[in-house]
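**Q** Sending over a structure as structure tokens; questions will come in a sec.
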Amino acid sequence: MYSQHHNDAFAQVNPLRKVPALKDGEFTLAESVAILLYLSRKYEVPDHWYPQDLQACARVDEYLAWQHMGLRSSCTRAMWQKMLFPVFLGESVPPETLASTLAELDRCLQVLEDKFLKDQDFLTGPHISVADLVAITELMHPVSAGCQVFKSRPKLAAWYKRVEAAVGEDLFQEAHAVVMKAKDLPPADTALKAKLKPLVQVLLQ
């Protein structure tokens, strides 16, 4: 699972060798947010996912612009440092590095509540949008590593339940099944560890 996107066949779809990637006929596209927006436009999904209204759309775009270096970064680091480094790669993480990462995650969760969710049902207003899908997907990464993301945040926990209900519980669980099973991965072999070494260095900084 963690190595297939490094092969040459996948590179024909996404030269960046990252997932997700989309191939639609002869058209290929990388980056999850770009893929979500492409699909929402192509299939003319209900307006609330990515609104036509200028200002409502701008609110979704605002969140998507922030999350890449905000929530996504801290969630990714938390999952790798708390679970994948020790379990999958057999790499120890300095306690102070993990503590700093979890503190940054907590800060981002506070921004998520105060700046975006506020007293609304969803991140950008009364209806679910692609912003909520992107956010919940990122949050399930540290959850899979055992981080109690929602435990002391009732507002965020209530939002989680609304997103799950809007998506449908079965589909929600299916969408996150792979990441929730990451803790059960067998240890990486030597060749894969070598390929991932640059990533390890980045995520431990």
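**Q** Looking only at the range 107-123, how many residues end up being part of a loop (DSSP other than H, G, I, E, B) and in contact (Cβ under 8 Å) with a residue 40 or more places away in the chain?
**A** Looking only at that region, the number is 2.
**Q** Please determine whether any residue of the range 68-76 is in contact with a helix residue (DSSP H, G or I) (Cβ under 8 Å, 6 or more places away or on another chain) and not in a helix (DSSP H, G or I).
**A** Within the range 68-76, one or more residues are in contact with a helix residue (DSSP H, G or I) (Cβ under 8 Å, 6 or more places away or on another chain) and not in a helix (DSSP H, G or I).
**Q** Within the range 147-175, track down each residue that is assigned to a loop (DSSP other than H, G, I, E, B) and either over 26 Å from residue 100 (Cα atoms) or out of contact with any helix residue (DSSP H, G or I) (no Cβ under 7 Å at 6 or more places or on another chain) (or both).
**A** Within the range 147-175, 148, 151, 152, 168 meet the criteria.
**Q** Tell me, yes or no, whether the range 124-133 has at least one residue that is under 25 Å from residue 22 (Cβ atoms), assigned to a loop (DSSP other than H, G, I, E, B), among the hydrophobic types (A, V, I, L, M, F, W, C) and open to solvent by less than 40 Å² (accessible area, probe 1.4 Å).
**A** Yes, that holds for at least one residue.
**Q** Residues in the range 28-67 that are open to solvent by 60 Å² or more (accessible area, probe 1.4 Å), assigned to a loop (DSSP other than H, G, I, E, B) and modelled with pLDDT of 90 or more: how many?
**A** Of the residues in the range 28-67, 4 are open to solvent by 60 Å² or more (accessible area, probe 1.4 Å), assigned to a loop (DSSP other than H, G, I, E, B) and modelled with pLDDT of 90 or more.
**Q** In the range 91-106, what count of residues is obtained for those that are under 9 Å from residue 78 (Cα atoms) and not in a helix (DSSP H, G or I)?
**A** 0
**Q** Please go through (1) within 22 Å of residue 197 (Cα to Cα); (2) more than 19 Å from the chain's Cα centre (by Cα); (3) of a type outside the set (Val, Ile, Thr); (4) surrounded by 17 or more Cβ atoms within 10 Å (Cβ to Cβ) for residue 90 and return the number of the only condition it doesn't satisfy.
**A** Condition (4) is where residue 90 drops out.
**Q** I'd like to verify a number: residues in the range 176-205 that are surrounded by 13 or more Cβ atoms within 10 Å (Cβ to Cβ), farther than 26 Å from residue 103 by Cα and not aliphatic (A, V, I, L, M), how many?
**A** Qualifying residue count, the range 176-205: 2.
**Q** Can you tell me which condition residue 169 does not meet? The list is (1) open to solvent by less than 40 Å² (accessible area, probe 1.4 Å); (2) more than 17 Å from residue 79 (Cβ to Cβ), and all the others hold.
**A** Unmet condition: (1).
The values are calculated or read from the model by the stated rules, or taken from the named source; none is laboratory data. Note that the coordinates shown come from a computational prediction; the quantities given were computed from them, not determined experimentally. All Cβ positions, glycine included, derive from the backbone under ideal geometry; neighbour counts span all protein chains shown. All accessible areas refer to the heavy atoms of the entire protein, side chains included, with ligands and DNA or RNA removed. Shrake-Rupley method; radii C 1.70, N 1.55, O 1.52, S 1.80 Å.
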